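Before any comments, here is the structure.
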Amino acid sequence: MKRAIALVAVPALAFALAACGDSGDKGGSKPSATPSMSMSMSAAQASHNEQDVMFAQMMIPHHRQAVEMAGLAPSRAASAQVKVLAAGIEKAQAPEIATMTGWLKDWGAPAAMTGMHHDMPGIMGEKDMTSLKGLKGAAFDKAFLRMMIEHHQGAVTMARAEGRSGQNADAKAMAASIVRTQTAEIAKMRGLLK
């Protein structure tokens with residue numbers, strides 16, 4: 001008798017759960033796609049820790065400053081190599097900002113840390129940024145390279161902390177990429193300074 005009830009109850013329960021999953025579907029999408037998508041979203045949301053959140057919250061404003069600095073190069077730099085380097089920094093970091101912003105949204109975390117930007121490794125103060133904006137030619141190139149080396153070193157420090165203590169696979173992969181690419185760029189910038 002119990003076995004017969006179980007055979008009837010399990011399919012009925014499965015049908016009821018499927019119906020619940022479809023009730024919020026306003027776009028008329030295929031019912032079979034909805035449960036698997038919501039399960040993978042839940043798994044993505046669960047697979048992060050405080051280090052992942054802090055990494056994204058700190059790296060977003062850090063990257064924004066690098067993009068801002070790189071955006072000064074086309075109109076101020078004398079060296080074609082500095083201009084190419086700056087364009088590469090902007091091209092790499094702008095999409096990473098969008099990706100990390102998406103993670104924080106998915107994780108239900110605030111978009112970025114407020115009031116602590118000056119404490120981040122490698123972050124430039126307002127005075128530094130104002131000074132850089134006032135330079136042109138070879139003087140800009142030299143200041144840009146020195147500041148960006150320091151900025152990159154800070155990003156590498158934060159990315160290594162994510163690699164050690166983070167949990168989210170995508171965040172750790174981005175951190176590894178930051179360490180790899182920005183370490184190579186530091187070496188290139190040091191060469192340009194010589």
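Counting only residues that are open to solvent by 10 Å² or more (accessible area, probe 1.4 Å), in contact (Cβ under 8 Å) with a residue 60 or more places away in the chain and either basic (Lys, Arg) or more than 18 Å from residue 126 (Cα to Cα) (or both), how many does the range 51-74 have?
1
Looking at the range 99-110 only, could you name the residues that are touching a residue at least 40 places away in the same chain (Cβ under 8 Å) and in a helix (DSSP H, G or I)?
Applying the first criterion (touching a residue at least 40 places away in the same chain (Cβ under 8 Å)) to the range 99-110 yields 99-101, 103-104, 106-110.
Within the range 99-110, 99, 100, 101, 103, 104, 106, 107 meet the criteria.
Filter the range 183-194 for residues that are of a type outside the set (A, V, I, L, M, F, W, C) and open to solvent by 50 Å² or more (accessible area, probe 1.4 Å); which is nearest to residue 152 (Cα to Cα)? Spell out how you get there, then give the answer.
From the range 183-194, those of a type outside the set (A, V, I, L, M, F, W, C) are 183, 185, 188, 190-191, 194; that's our starting set.
Applying the additional criterion that residues be open to solvent by 50 Å² or more (accessible area, probe 1.4 Å) yields 183, 188, 190, 194.
Details: 183: 8, 188: 12, 190: 12, 194: 18 Å.
Taking the candidates together, the pick is 183.
Taking the options 108, 122, 115, name whichever one is out of contact with any helix residue (DSSP H, G or I) (no Cβ under 8 Å at 6 or more places or on another chain) and either at pLDDT below 95 or over 26 Å from residue 188 (Cα atoms) (or both). Steps first, please.
On the way: 108 fails: out of contact with any helix residue (DSSP H, G or I) (no Cβ under 8 Å at 6 or more places or on another chain); 122 fails: out of contact with any helix residue (DSSP H, G or I) (no Cβ under 8 Å at 6 or more places or on another chain).
Just one listed residue meets the conditions, 115.
Restricted to the range 75-98, and to residues that are open to solvent by 60 Å² or more (accessible area, probe 1.4 Å) and in contact (Cβ under 8 Å) with a residue 12 or more places away in the chain, which residue is nearest to residue 182 (Cα to Cα)?
At the first step, the residues of the range 75-98 found to be open to solvent by 60 Å² or more (accessible area, probe 1.4 Å) are 75, 78, 80-81, 83-84, 90-91, 95, 98.
Narrowing further to those that are in contact (Cβ under 8 Å) with a residue 12 or more places away in the chain: 78, 81, 90.
Values: 78: 22, 81: 16, 90: 12 Å.
Out of the qualifying residues, it is 90.
Could you please let me know if residue 138 is out of contact with any His (no Cβ under 9 Å at 6 or more places or on another chain), over 21 Å from residue 186 (Cα atoms) and at pLDDT 95 or above?
No; evaluated as a whole, the condition is false for this residue.
In the range 75-85, which residues are in a helix (DSSP H, G or I) and out of contact with any strand residue (DSSP E or B) (no Cβ under 7 Å at 6 or more places or on another chain)?
At the first step, the residues of the range 75-85 found to be in a helix (DSSP H, G or I) are 75-76, 80-85.
Within the range 75-85, 75, 76, 80, 81, 82, 84, 85 meet the criteria.
If you scan the range 154-182, which residues turn out to be of a type in the set (S, T, N, Q), over 21 Å from residue 84 (Cβ atoms) and either out of contact with any helix residue (DSSP H, G or I) (no Cβ under 6 Å at 6 or more places or on another chain) or surrounded by fewer than 18 Cβ atoms within 10 Å (Cβ to Cβ) (or both)? Reasoning before the result, please.
Step one: of the range 154-182, the residues of a type in the set (S, T, N, Q) are 157, 165, 167-168, 177, 181-182.
So of that shortlist, the ones also over 21 Å from residue 84 (Cβ atoms) come out as 157, 165, 167-168.
Within the range 154-182, 157, 165, 167 qualify.
The values are calculated or read from the model by the stated rules, or taken from the named source; none is laboratory data. What you see is a predicted model, and the numbers here were worked out from it, not measured in a lab. Using ideal geometry, Cβ is built from the backbone for each residue, glycine included, and neighbour counts are taken over all protein chains shown. Accessible surface areas use protein heavy atoms only, side chains included; no ligands, DNA or RNA. Shrake-Rupley method; radii C 1.70, N 1.55, O 1.52, S 1.80 Å.
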